[in-house]
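Only one structure is covered here, and it is reproduced in the block below.
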Amino acid sequence: MLLTLNDFEHAARRHLPRPLFGYIAGAAETGAAEADNRAALDAYRLVPSVLRGVQGRTTTCDLLAETWSAPFGIAPMGIAALMARDGDMTMAQAASRAGIPYVLSGSSLTPMERVIKSNPRPGSKPIYRARLTVSRH
């Protein structure tokens, strides 16, 4: 049964070839950012309120002039096409069905125009972010 993110990781370890699992599950460089993120998230506790009314509750949120069904989305994963055929398009379509944002990686093997064309969100405009570096030698 898959109940937590750790459950998904254990299932992925059983089903994916070792190099692909390592790429997905591994943290960049020393893993410091992953450790910092884990420590920040571990500082929060979700305390259930048993037998409380839930009418009027919603997980929707507004971000970048759009309303989404949850306050999170699918983060970029470089070279998703190695994990699954049309991996970027599949993740974008899943995000669209769930009503959450999808961020296409700058190292995607799928052109962004193809992802947008295959999965348009009505009334939505894609947001582009670029990082420009300048050589100073």
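Some points to look at:
- Fraction of alpha-carbon pairs over 17 Å apart in segment 58-121 - percent: 38
- Comparing Phe8, Pro19, Leu51 along the charge dipole axis of segment 1-53, the residue lying farthest to the positive side is Leu51, per the Cβ-charge model.
- Rounded to the nearest 0.05, the FRET efficiency derived from the C-beta distance between Ile116 and Thr58 at R0 = 22 Å is 0.20.
- Modelled spin labels at Asp7 and Tyr44, positioned 7 Å past Cα toward Cβ, are 2.0 nm from each other.
- Calculated mean residue ellipticity, 222 nm, the chain: -10500 deg cm²/dmol, from DSSP H runs (n ≥ 4) at -39500 (n - 2.57) each, averaged per residue and rounded to 500.
- Among Arg52, Arg97, Arg14, the largest mean-square fluctuation in a Gaussian network model of the chain (Cα springs under 10 Å) belongs to Arg52.
- Loop-located chymotrypsin sites (Phe, Trp or Tyr not before Pro) in segment 2-97 (DSSP state other than H, G, I, E, B) with a sparse environment of at most 16 neighbouring Cβ atoms within 10 Å: Tyr44, Phe72.
- Within the chain, the percentage of alpha carbon pairs spaced more than 17 angstrom apart rounds to 73%.
- Translational diffusion of segment 1-53 was estimated from the Stokes-Einstein equation, with Rh taken as the Kirkwood radius over Cα pairs; at 37 °C and 0.692 mPa s the coefficient is 240 µm²/s.
- The peptide list 84-90, 27-33, put in order of mean Cβ contacts within 10 Å with the highest first, becomes 84-90, 27-33.
All of the numbers you see were taken from the coordinates with simple rules; none came from a lab. All values derive from a computational prediction rather than experimental measurement. No Cβ is skipped: glycine too gets one built from the backbone with ideal geometry, and neighbour counts run over all protein chains shown.
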